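Note sheet for the following structure.
The values are calculated or read from the model by the stated rules, or taken from the named source; none is laboratory data. All figures in this text were calculated on a predicted structure; none of them were measured in a lab. FYI the Cβ positions are ideal-geometry reconstructions off the backbone, even for glycines, and counts take in every protein chain you see.
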């Protein structure tokens, strides 16, 4: 039998195993035929490319090797609106469309942290745009692409890592949108988060802000008209016609009424839309911090806050101008002197409230060593954070000094300089921001803490004390405390939107299984590249909740998740799950992302899947008795028909650091007295006729390394004639 025939037999046996699982669970595995063909097609199996294509999902619309962008285009309108929100002038959708294949093959995540690589990718992107533009037949499209290319050069030539971060973020968010589309029933928390900034609300806000700006501009003209008329009145007082005198009285009254109307409109805008949008963004920042959907919308908030502030300061200047005019000329029952103080106080109050609320933490405190686990700080390890003023006013550029303090009411100290001047970011609409790097702490505690930021804002005679604070932090003294710290951060940000409830864990609330399962899936999406599907979450629910796993509203306590040990085990559910995440991230990532690992299989299900399979069939599963372990079990059949299951001691990170898992599977041998050591994962025959020998030469070291990098497990070649080995990847 030649190698291609062997691949066909492998393929049939694999599909039989998958069919058995589908029949047992009632759920469709949904394995792509193209993937099965790739796994078991002989020569093509050996020539797999090294590039990690990312995860393909169990979705009805996913077809073989369809690109990520093509999958995006097949989404329903509701999800496409979220995709539309990702793309703006920083990364136009025209580029995503025109260079979709090329963009998806580049390593933007690495480039975002390496300037030299980012520079090369930026140069290559411009070259790709030149190529596409030269092939474009439509003149208008060519012109638009030229404009886009020029804008990119201006924006990113001096800082290509920013471009890499933007593209990396867009691709990552696309994958999350695709992942959510594959879930038959979306969780309530994610659905709430994704719909929080609806397209219609944004348009409504844009329109209201634009109308206010237009009204304020018209009032500028009205004030100028009053000034001209009063100058004219002062000059020609004795000869002024009655009609003109009447106009001079009517115009201030109209202007006062228009001002009053605009102030009311701004008050309503801030209370009914602007402040809720800001609170919504802060809530989405909490969810994004624990692995939820990528945070967007800050640039839109910056635009709304800036335009509103400009309108308010313009009105303040108009009121100041009217005060000057009163000194020149006034008359009995003049509305301006009567109403100006009240309007001035209202405008100052709105400015005060707007500026104070515009001072936000853009980037929550985070250690560079653990960028995906913010809000955990280790003593002796530096961390970074970033605050931003959402109001752009030229008068305060380079003027605002920000001071940071750790737990103002307690005796903690920042080791390095804790005062910096806010600077302008050219790549972010010229916003004012300041990033604190290389901060450190002197003391340690397991309680919640917060980092405060203070500044004094002075402009146009107004002085406003600004203060904002980070989300609650967990301080650790040893990296072994990181899993416990991270689950605390997750629990807090999942269950409360209070920005500074440092006593939260004095009486922590419960979470529903629906909420918790969604967050657990986010952890795998963030740290391992692919979230959990419905079957995997069901298996985890059974392990944590037992018979209550089917109830999505079942209340899970904080202790149940992180404090209480699993029955019969010396560790908690969270410690067990976190150790699996670490194992996948460091040693099994390609296997996980290519969907070859199906889930968390119990021993009972393991035996059900294997009992009717050919000898040598084996499966992989995460250990239930060891932290961060993966094991495999194979089936044997005795002469009397007895079925026997054999399992190996779980492989943990210590063993996998020394030897790749692919090598372990390939070279595994069972040694017993009087028997030649052999690999039990293979079926053996007594003879190997020459017709069965593979004509191909042995694998080169480079080809085998390629299989190791992909972590695809392959049995020995060319030794099997009448019966074939098989395996299940679970």
**Report entry** Qualifying positions in the range 69-83 - under 24 Å from residue 105 (Cβ atoms) and without any contact (Cβ under 8 Å) to a residue 24 or more places away in the chain
**Finding:** 73, 74, 80
Query - Scan of the range 307-326 for residues that are surrounded by fewer than 21 Cβ atoms within 10 Å (Cβ to Cβ) and within 30 Å of the chain's Cα centre (by Cα), ordered by number - result: 307
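Quick grid of which residues meet (1) surrounded by fewer than 19 Cβ atoms within 10 Å (Cβ to Cβ); (2) assigned by TED's automatic domain parsing to the domain that holds residue 646:
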residue: 564; (1), (2): yes, no
residue: 571; (1), (2): yes, no
residue: 574; (1), (2): no, no
residue: 600; (1), (2): no, yes
residue: 607; (1), (2): yes, yes
Report task. Of the numbered conditions (1) more than 30 Å from residue 575 (Cα to Cα); (2) at pLDDT 50 or above; (3) under 42 Å from the mean Cα position of the chain (by Cα), residue 704 fails exactly one; give the number of that condition. Result -> (2)
Requested in this report: Within the range 381-424, count every residue that is assigned to a loop (DSSP other than H, G, I, E, B) and modelled with pLDDT under 65.
Outcome: 13
Report task. Test residue 338 against the criterion of being in the same structural domain as residue 210 (by TED's automatic domain parsing), farther than 30 Å from residue 481 by Cβ and modelled with pLDDT under 90, and give yes or no. Result -> yes
Query raised in the report: Quick check: anything in the range 122-137 farther than 21 Å from residue 172 by Cα, part of a loop (DSSP other than H, G, I, E, B) and in contact with a helix residue (DSSP H, G or I) (Cβ under 9 Å, 6 or more places away or on another chain)?
Result: yes
Query raised in the report: Which members of the range 93-112 meet the condition of being out of contact with any helix residue (DSSP H, G or I) (no Cβ under 7 Å at 6 or more places or on another chain) and in a loop (DSSP other than H, G, I, E, B)?
Result: 105, 107
Query raised in the report: Quick check, is residue 90 surrounded by fewer than 16 Cβ atoms within 10 Å (Cβ to Cβ), part of a loop (DSSP other than H, G, I, E, B) and touching a residue at least 12 places away in the same chain (Cβ under 8 Å)?
Result: no
Requested in this report: Name, by its number, the condition in (1) under 29 Å from residue 493 (Cβ atoms); (2) at pLDDT below 90; (3) touching a helix residue (DSSP H, G or I) at 6+ places or on another chain (Cβ under 9 Å) that does not hold for residue 376.
Outcome: (2)
Query - All positions within the range 459-478 that are touching a strand residue (DSSP E or B) at 6+ places or on another chain (Cβ under 9 Å) and surrounded by 14 or more Cβ atoms within 10 Å (Cβ to Cβ) - result: 464, 466, 468, 469, 470, 471, 472, 473, 474, 475, 476, 477
Report summary line: Conditions (1) at pLDDT below 85; (2) surrounded by fewer than 20 Cβ atoms within 10 Å (Cβ to Cβ); (3) in a helix (DSSP H, G or I) -> residue 294 fails only (3)
Report task. Output the residue which, of all residues in the range 469-496 that are in a loop (DSSP other than H, G, I, E, B) and modelled with pLDDT under 90, is farthest from residue 448 (Cα to Cα). Result -> 478
Requested in this report: Considering every residue within the range 547-555, establish whether at least one is at pLDDT 90 or above and either more than 23 Å from residue 173 (Cα to Cα) or in the same structural domain as residue 479 (by TED's automatic domain parsing) (or both).
Outcome: yes
Report task. Would you be able to tell me the number of residues in the range 650-675 that are in contact (Cβ under 8 Å) with a residue 12 or more places away in the chain, in contact with a helix residue (DSSP H, G or I) (Cβ under 9 Å, 6 or more places away or on another chain) and within 20 Å of residue 586 (Cβ to Cβ)? Result -> 10
